[in-house]
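The values are calculated or read from the model by the stated rules, or taken from the named source; none is laboratory data. Remember, predicted model here, so these are calculated numbers, not experimental data. When we count neighbours, we look across all protein chains shown, and the Cβ atoms used for this are built from the backbone with ideal geometry, even at glycine. Heads up: the accessible areas ignore ligands, DNA and RNA and are worked out on the full protein's heavy atoms, side chains in. Shrake-Rupley method; radii C 1.70, N 1.55, O 1.52, S 1.80 Å.
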Amino acid sequence: MSAKKKAIHDFCRMKREGEKITFLTAYDYPTAQFAEAAGLDMLLVGDSLGMCVYGYPGTVPVVMDQCIRHAEAVRRGAPNTFVVGDMPFLSYQTSIEKAVENAGRFLKEAGCDAIKLEGGVRVVPQIRAIVDAGILVMGHVGLTPQSSGQLGGHKAQGRTLESARLVIEDALAVQNAGAHMILLEAIPPEVGAHIARTLTIPALSIGAGPDCDGQLLIVSDMIGQFQAFTPKFVKRYCNVAAIVTEAMRAYVADVRAKRFPAEEHGYPMLPGELEKFQAACKAKA
Ligand code: KIV
């Protein structure tokens with residue numbers, strides 16, 4: 001039987017008690033099932049699905065409908081895990097109303113428990129409005145992939161005093177706007193530790209060091225499925241690309257060598273029917 005689904009108060013307690021929160025992305029039903037069986041505390045249906053599932057060069061082309069469909073599948077696969085829906089580019093930046101409506105879609109249509117959106121000071125009005133609508137919000141500061149053009153690429157942030165101050169200012173703004181959790185991406189471990197210590201809300205890390213309240217990885221990086229590049233913060237736990245490619249090679253070789261299908265893969269006729277079938281074929285010939 002799976003463990004009881006965790007709620008926001010559980011994550012706050014875990015922060016207080018120094019128990020690390022385990023967090024992974026998932027984009028589909030089977031992966032969500034594996035994650036729930038493995039005991040993950042929280043799943044993110046990240047807009048990284050644009051790269052990991054659709055093969056886009058970045059997250060910018062991803063749209064709400066895609067995120068909703070994937071979030072629905074993850075919800076079905078992991079009914080007892082806290083699921084966060086990630087708001088894609090331009091689903092919350094253009095107006096407060098649109099931000100609230102799109103955030104609400106993750107809950108109403110996909111059964112998500114919370115939403116995540118990128119940005120600090122500049123998305124404070126959106127965070128306030130979404131929280132006021134009764135929705136749990138996770139902020140996301142540091143490296144924010146949707147605005148990587150403005151950041152000069154997918155570059156770590158907070159590596160100078162001035163840049164660290166900006167990241168900290170963003171993190172405080174997210175908490176003060178009422179967000180319930182925050183994700184810190186690609187910042188030095190000292191800056192991650194400072195923010196996690198300073199904030200009262202759980203601060204999760206993806207490349208922000210070991211002293212945050214929990215850790216996130218992108219599942220496609222973690223299992224060695226995504227091939228294009230591997231960020232420095234990734235630890236690879238298996239090489240799915242090699243395993244699956246090898247299995248496919250073996251299948252191709254079996255079919256070409258007529259080793260597959262074998263007798264055990266077929267459907268024999270019911271008892272007594274084969275003789276009748278053969279006689280009928282003979283009579284027709
Ligand atoms: O979309 C995603 O998976 C994310 C991570 C890069 C943090 O937002």
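Output the relative contact order of the chain, whole-number percent, from Cα pairs under 8 angstrom with separation of 6+ residues.
Working: 505 pairs, mean separation 39.8, N = 285.
Dividing the mean separation by the residue count of the chain yields 14 percent.
Can you pull out the GluC sites (Glu not before Pro) in the stretch 15-108 whose DSSP state is coil and whose Cβ has at most 14 other Cβ atoms within 10 Å? Intermediate values should be presented prior to the final figure.
Values: sites: GLU17, GLU19, GLU36, GLU72, GLU97, GLU101; in loops: GLU19.
Loop-located and lightly packed - GLU19.
Give the carbon-plus-sulfur fraction of the accessible surface of the stretch 243-284 in %, rounded to a whole number; probe 1.4 Å, heavy atoms of protein chains only. Show your work: numbers first, answer last.
Numbers: 2680 of 4200 Å².
With neighbouring chains kept in place, the figure for the stretch 243-284 is 64 percent.
Residue farthest toward the positive end of the dipole of the chain, with Cβ of Lys/Arg at +1 and Asp/Glu at -1: which of LEU151, PRO231, ILE8?
Farthest towards the positive end: PRO231.
I want the antiparallel fraction of DSSP beta bridges within the chain, as a percent rounded to 5.
Values: 1 of 28 bridges.
For the chain, the DSSP antiparallel bridge percentage is about 5.
Measure off, as a whole percent, the carbon and sulfur share of the 1.4 Å-probe accessible area of the stretch 8-238, all protein chains present.
Numbers: 5560 of 9910 Å².
The C+S portion of the solvent-accessible surface of the stretch 8-238 is 56 percent.
Give the accessible surface of the chain per residue, rounded to a whole number of Å², with probe radius 1.4 Å and ligands, DNA and RNA excluded. Show your work: numbers first, answer last.
Values: 15090 Å² over 285 residues.
Per residue, the chain has 53 Å² of solvent-accessible surface.
With just the Cα atoms defining each centre, how far is the stretch 198-244 from the stretch 44-104? Give it in Å.
18
Restricting the count to DSSP beta bridges whose residues both fall in the stretch 102-198, what percent are antiparallel, rounded to a multiple of 5?
On the way: 1 of 8 bridges.
Expressed as a percentage, antiparallel bridges in the stretch 102-198 total about 10.
For the stretch 1-82, run through the trypsin sites (Lys or Arg not before Pro) and keep only the ones in DSSP coil with at most 13 other Cβ atoms within 10 Å of their Cβ.
Values: sites: LYS4, LYS5, LYS6, ARG13, LYS15, ARG16, LYS20, ARG69, ARG75, ARG76; in loops: LYS4, LYS5, LYS6, LYS20.
Those that pass, being in a loop and sparsely packed, are LYS4.
Go through the stretch 62-78 residue by residue and turn each phi into a ³J(HN,Hα) via Karplus (6.51, -1.76, 1.60, θ = phi - 60°); whole Hz please, and just put x for glycine and proline.
Each residue's phi maps through the Karplus curve to give 5, 10, 3, 4, 4, 4, 5, 4, 5, 5, 4, 5, 5, 4, 5, x, 10 Hz.
Using the alpha-carbon centroid of each, what span in Å lies between the stretch 256-281 and the stretch 164-179?
68
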